[in-house]
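A short worksheet on the structure shown next.
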Amino acid sequence: MKWASLIILCFIAMILAAGNMLNTIALTSLFIKPDLFVVLLAFFALKGENLYAVLASFVIGLCADIISIPMGASMITFLLIGFALNSMNKIIVIKRMFSAAVLIFVLSLAVNYLRSIIVMFATADFNGQFFIKGLGISLYTAILGSFAWWGLNLASDFLGFKTRR
Amino acid sequence: MAKFKLKIHKGVLVFILLLVSILVLLAPKHYTTKANDIFYKTFAGILQFGSDFHFEDLSSSAMNKRTIAYEEYEKLLKENQVLEKKTKELIRQRNKIHSWYETATGTRQRLPELGPGYIWAAIISTKAEIGQLTIDRGTADGIEKGQCVIGQDYVIGTIGDVLGYTSKVELITSTAQNLLVEIEAFDEDGNEVYKRGFMRGDGTGTCKVNGIETSYKIESGNFVYAVDMEGFLLSPMIVGKITSITYDSQNPLFWDIIVAPSFDVRSLEKVFAVTMQPEVNK
């Protein structure tokens, strides 16, 4: 797995998530935007080999934490979910975009809710809208993420993943 | 040469990384937010890209409204210049009356003026979904937690986390915001009073004010003001307007007031932070 490509993809996700560009496609008054880090987590945790998938999940979580406060919540969330996903990589086989969308939807729900719970414990700040927002973000991420998954799949060889024959 | 391979059990690696993550989460914010600060300061230019673009601007009706005939533009420009002159004259007269009032009563009634104590800041990123902005000023510029932030002539929020060169602004619509406000009301005798309450954002672009008794009559459409606070805000400033008043479902003796902010978060570009005035006691 090429680490340089992971770092570049994480950097692009950081710039998009932290900047104003995604605000142009935000939906409703809740400003629901797709979570790009979840798409990267789904791809690298599922496709990567054991240890490197775990490290990649940690790095993606670290990049998500750099642009948010408090630091640490995303690292824990992405590490645990990436580890769980990688443990099931022999069972989960994604061949169609719809399957990718379902996977990304479930992952996004898990990531958003777990991260919100950790942040609530760390900051004692309760956001009453996190359930609806989490659902909206997951749906939006699943729809756009399935296309991103298709693109990442096409570039598998370049990203350092051996395609199974 | 053999490729380097990590020789450690997967579970052990996960445990070590989890431990590191928990330590980072529990570490003092002062240290962990440095990475956040450096990132926003370094990439401020790229992050600001896209703030001027609004999706609704692409609609045909919006595009048609953008251009007008040159003659009409000239006419509007002249009218604007006349209005500007009249506004300046009115402001001059208002300041004269305020000075007279201050001298006559010995109390401070002057509206805040630009000068030392205000710092302009550009918005690096907008996270409207959590009611937060990141601005390009920090402790190095005299910014401190709790200071009021003004945009489009309204109080839009207060400073939350302050880093070296950047700060987070908690908008009034953020769930982390708890701003003391006052609302025009009428008591049982019909006297006009200004009732105070705490306004908290609900995370959906509006705010709620609680703690005002139903014995006071309040009307929808009334303005809501941020209370003047010594060292933070010289005089009350508008934060929003009441859009709905109902009885509090948990305590019918109090009003449940919904307030819509007067500013448009999507069109905010520059704001200014009201820094501590040296002559005012902290």
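The values are calculated or read from the model by the stated rules, or taken from the named source; none is laboratory data. Because the structure is predicted, anything quoted here is derived from the model rather than measured. Glycine gets a Cβ as well: all are built from the backbone with ideal geometry, and neighbour counts include every protein chain shown. Just so you know, the surface numbers come from the protein's heavy atoms only, side chains and all, with ligands and any DNA or RNA stripped out. Shrake-Rupley method; radii C 1.70, N 1.55, O 1.52, S 1.80 Å.
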Using a Gaussian network model of chain A with C-alpha springs under 10 Å, which one of A:ILE76, A:ILE60, A:ILE117 is most mobile by mean-square fluctuation? A:ILE117
Accessible area of B:THR32 in the full protein assembly, 1.4 Å probe (Å², nearest 10): 20 Å²
Measure nothing but the geometry: give the 0 to 90° angle between the long axis through the Cα atoms of A:97-123 and the longest principal axis through the Cα atoms of chain A, rounded to 10°. 40 degrees
Using the Karplus curve 6.51 cos²θ - 1.76 cosθ + 1.60 with θ = phi - 60°, work out ³J(HN,Hα) for each residue of region B:128-136 in order, rounded to whole Hz, and write x for Gly and Pro. 5, 5, 10, x, 9, 10, 10, 10, 8
Out of residues 5 or more away from B:MET199 or on other chains, whose amide H comes under 5 Å of its own, with H placed 1.01 Å from N in the peptide plane? B:LEU179, B:LEU180, B:VAL181
In vacuum, with every alpha carbon of the protein assembly as shown counted as one equal point scatterer, what does the Debye formula give for log10 I(q)/I(0) at q = 0.10 Å⁻¹? Two decimals, please. -0.84
Considering only protein heavy atoms, what is the solvent-accessible area of A:PHE131 at a probe of 1.4 Å, reported in Å² to the nearest 10? 120 Å²
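Holding the Cα-Cα limit at 22 Å, pick out from B:LYS208/B:LYS270; A:LYS133/B:LYS127; A:LYS2/B:LYS127; A:LYS133/B:LYS10; A:LYS33/B:LYS168 the pairs that are longer than that.
Checking Cα-Cα distances, B:LYS208/B:LYS270; A:LYS2/B:LYS127; A:LYS133/B:LYS10 exceed 22 Å.
For region B:182-233, run through the GluC sites (Glu not before Pro) and keep only the ones in DSSP coil with at most 12 other Cβ atoms within 10 Å of their Cβ. Don't skip to the end; give the middle numbers.
Details: sites: B:GLU182, B:GLU184, B:GLU188, B:GLU192, B:GLU213, B:GLU219, B:GLU230; in loops: B:GLU188, B:GLU219, B:GLU230.
Those that pass, being in a loop and sparsely packed, are B:GLU188, B:GLU219, B:GLU230.
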Cα-based Rg and Dmax for region B:178-222, in Å, come out at 11.3, 37
Chain A: most fluctuating residue of A:LEU41, A:LEU85, A:LEU30 per GNM, C-alpha cutoff 10 Å: A:LEU30
Segment B:ILE38-B:ASN191, length gained on full extension (0.36 nm per residue, minus Cα span): 49.7 nm
What accessible area, summed over both chains, is buried at the A-B interface (1.4 Å probe, Å², nearest 100)? 3900 Å²
First check a/c for region A:1-44, with a ≥ b ≥ c the square roots of the eigenvalues of its C-alpha gyration tensor; if it is under 1.5, answer rounded, and if not, answer prolate when a/b is larger than b/c or oblate otherwise. oblate
If you average over every viewing direction, what projected area does the convex hull of the Cα atoms of region B:170-282 give, in nm²? 8.3 nm²
Compute the long axis of helix A:130-154 from its Cα atoms, compare it with the longest principal axis of the Cα atoms of chain A, and write down the angle in degrees, 0 to 90, nearest 10. 20 degrees
Rounded, prolate or oblate: which fits region A:48-151, taking a ≥ b ≥ c as square roots of the Cα gyration tensor eigenvalues, rounded meaning a/c under 1.5, else prolate when a/b beats b/c? oblate
